[in-house]
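The values are calculated or read from the model by the stated rules, or taken from the named source; none is laboratory data. If you're wondering where the values come from, they're calculated on a predicted model, not measured in any experiment. Here the Cβ positions follow ideal geometry from the backbone for every residue, glycine too, while neighbour counts run over all protein chains shown.
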Amino acid sequence: MGKLQRQGTLLALTAAGCAPPPPGPRDLTETMRAFWRTMTTAEDEELLRYLTAAVEQVDAEELEGGPVAGTQLAFRAPDLEVVDFHEPDGSPRGRPDPDKALPAYLLGRLDCTVEQFLDVIVTDDQNAAYGSVRNGDTPYEAYSRKYHTSKRDFRSGASRTMSWEGSLTTYVPLAGTYVYDFRSDARRVAIPDDLVEELGLGHDEFVMTRTWLPYPAAWEGSSTFDQDYQLEVVIPWTATEVVKIYPVWREWSTPLGDFGNGTVIEITLGQMRAWDESTQKLCQGEGG
């Protein structure tokens, strides 16, 4: 429906002598990289083009049967130019090799609204929050955050962006314990009413988060975790549901193999599914 309406709009623009907007990404994996590269710098109009492409490219009916996993496009050098890298002491660090960061993604449909998802994003103690819906089984041994911008302004909508850094310690079975220091950005984008109607969405805003490692994680053992890039695009599919696009690109080596190993990928995807299930429970008010 939305696609036909957009074709009519393009025809009307052409007939009126107006230049139509540039085409959006060709497929969902290209859309993921477009969101990653432009999340904090693009004007809303550009991000709305990517949103429109994503809505066309996601098969929501398929997601009714559960989350869908796949492999997206690999990163290239320009994809790493949008985030900063440094050593633990703050000194400059060169950009790593993007070819070594292997891709995987998960698409899910969650019983959650954008507003509820925003509440989860701004929760300081993620460890306690997610542990409260996992019978006390916290996802991390330790977790902390430090904000670079106002969390309150972001949640109220006074600011459309938020930036923070954090540190977590966690144990991976058969691989060991690591300390993961990360940087994160979030952005809210308003969706015009006419586009909400055209795309058949349930709310007038979508949300994105972007997380990465500025330097490799510190392991106790022989495993390595040198690169990690995570993106969340949360689309208000209905008034009570969101579709979450969740790609990662990782350079990770464990005794079970690297991130290209099927077993390692399945373990990771299982963790991502469990995270989304817990997020859905938090949205529904479960937990402490």
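List of remarks:
- Taking the criterion of being touching an Asp or Glu at 6+ places or on another chain (Cβ under 9 Å) and among the aromatic types (Phe, Trp, Tyr), the residues of region 251-281 that qualify are Trp252, Phe259.
- Scanning region 250-284 for residues that are more than 18 Å from Thr224 (Cα to Cα), part of a loop (DSSP other than H, G, I, E, B) and either at pLDDT below 90 or touching a Lys or Arg at 6+ places or on another chain (Cβ under 9 Å) (or both) returns no hits.
Residue by residue, here is whether (1) more than 18 Å from Asp226 (Cβ to Cβ); (2) touching a His at 6+ places or on another chain (Cβ under 8 Å); (3) of a type in the set (D, E, K, R) holds:
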position	(1), (2), (3)
Glu61	yes, no, yes
Pro67	yes, no, no
Ala74	no, no, no
Arg93	no, yes, yes
Asp99	no, no, yes
Leu107	yes, no, no
Asp111	yes, no, yes
Val133	yes, no, no
Gly136	yes, no, no
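- Sub-9 Å Cβ pairs linking a first residue in region 164-177 that is under 16 Å from Thr268 (Cα atoms) to a second residue that is part of a strand (DSSP E or B) and of a type in the set (Asp, Glu), at least 6 apart or interchain, are Gly176/Glu220; Thr177/Glu220, ordered by first then second residue.
- A single entry from Phe117, Phe85 fulfils the requirement of being crowded, with 19+ Cβ neighbours inside 10 Å and hydrophobic (A, V, I, L, M, F, W, C): Phe117.
- Scope region 59-82; condition in contact with a strand residue (DSSP E or B) (Cβ under 6 Å, 6 or more places away or on another chain), surrounded by 15 or more Cβ atoms within 10 Å (Cβ to Cβ) and either assigned to a loop (DSSP other than H, G, I, E, B) or on the phi > 0 side of the Ramachandran plot (or both); matching residues: Pro67, Gln72, Ala74, Phe75
- For region 166-177, the candidate set comprises residues that are surrounded by 14 or more Cβ atoms within 10 Å (Cβ to Cβ) and touching an Asp or Glu at 6+ places or on another chain (Cβ under 7 Å); within that set, the residue that is modelled with the lowest pLDDT is Gly176.
- Reported count of residues in region 201-229, each being surrounded by fewer than 17 Cβ atoms within 10 Å (Cβ to Cβ), out of contact with any helix residue (DSSP H, G or I) (no Cβ under 6 Å at 6 or more places or on another chain) and under 22 Å from Leu118 (Cα atoms), is 1.
- Considering residues of region 253-273 that are free of Cβ contacts under 8 Å to residues at least 60 places away in the same chain and of a type outside the set (Val, Ile, Thr) only, the residue surrounded by the most Cβ atoms within 10 Å (Cβ to Cβ): Ser253
- Every residue from region 120-130 that is surrounded by fewer than 19 Cβ atoms within 10 Å (Cβ to Cβ), more than 12 Å from Lys244 (Cβ to Cβ) and touching a Ser or Thr at 6+ places or on another chain (Cβ under 8 Å): Ala128
- For region 205-223, the criterion of being modelled with pLDDT under 95, of a type in the set (Asp, Glu) and either touching a Ser or Thr at 6+ places or on another chain (Cβ under 7 Å) or over 28 Å from Glu286 (Cβ atoms) (or both) is met by at least one residue.
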